[in-house]
Amino acid sequence: MKSFVITIMDMPESVKAAKRCIASMPEFNVQMFKAVTPKDNPEKMMKQKGIDNSWFLGLDQGKFSRMHRCQAAFLSHHTLWEWCANNNEEVQIFEHDAVRVGNLPMHIEHRGTITIGQPSYGEYHVPRHIGVQRLMHKQYFGGAHAYRMKPKAARSIIAHAREYACATDVFLRNEFFPWLEEYYPWPVIVKDTFSTIQNEGGCSAKHGYDKETYKLL
């Protein structure tokens, strides 16, 4: 299994956060993975990959996220899903603000895609059992900051993305993928003081949001 942390390489805040993520789990040899950014023209990239971007336009309308940044974040994850499928190897994917705070087993037996991160925004349900179980904290990932994916699942998710791509965490939902799971107690949390994707409306739902100190970069 390979482990990656999505990092905006030309943003010092992102690099610093990614280094913190890596330091929190040295046994996994987490590698920085160059994030897609608006500079890469995400709309053009999506068109080249045959991905319909209409859900980005229809679901958000700028209420919670800055669209091109949201598209770029999705493509960062999508590129790692492609890596997983093409290399036929399980991947462990982190976003730069993820930090390991609990026991994270080297091996977790799961059906294809499992979140290992505590929800980072909004209300959520606490799982009923210890260990692996169906996704229940929300009907979608409460943040795509920490999860594992197997090649077969990656291929299914990539195929579905052609028509239904949207914000990554909302895309990874039970409605689309009823085999999604989560591991509890959640060993990874988000420690964030800035956002490169959400606007103020989206950030206000984050558990770590402080209007006086939180930055929109």
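The values are calculated or read from the model by the stated rules, or taken from the named source; none is laboratory data. The structure presented is a predicted model; accordingly, all values stated were derived computationally and were not measured. With ideal geometry, Cβ positions are generated from the backbone for all residues, glycine too; neighbour counts draw on all protein chains shown.
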Original post:
Is there any pair with a first residue in the range 170-187 that is modelled with pLDDT under 95 and a second that is part of a helix (DSSP H, G or I) and of a type in the set (K, R) whose Cβ atoms are under 9 Å apart and which are 6 or more apart or on different chains, and what are they?
Top reply: none
**OP:** Considering only the range 20-40, state which residues are closer than 16 Å to L104 by Cα and of a type in the set (D, E).
**Re:** E27
Subject >> Condition met for G202 (at pLDDT below 95, surrounded by fewer than 18 Cβ atoms within 10 Å (Cβ to Cβ) and either of a type outside the set (S, T, Y) or under 22 Å from I116 (Cβ atoms) (or both)) >> reply: no
Original post:
Is there any pair with a first residue in the range 86-104 that is aromatic (F, W, Y) and a second that is outside any strand (DSSP E or B) and surrounded by 23 or more Cβ atoms within 10 Å (Cβ to Cβ) whose Cβ atoms are under 6 Å apart and which are 6 or more apart or on different chains, and what are they?
Top reply: F94/C21
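Could you check the range 103-130 and list, in sequence order, the residues that are surrounded by 13 or more Cβ atoms within 10 Å (Cβ to Cβ) and not hydrophobic (A, V, I, L, M, F, W, C)?
H110, R111, G112, T113, T115, G117, Q118, P119, S120, Y121, Y124, P127
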Subject >> Enumeration of residues in the range 2-14 that are within 24 Å of E82 (Cα to Cα) and surrounded by 15 or more Cβ atoms within 10 Å (Cβ to Cβ) >> reply: K2, S3, F4, V5, I6, T7, I8, S14
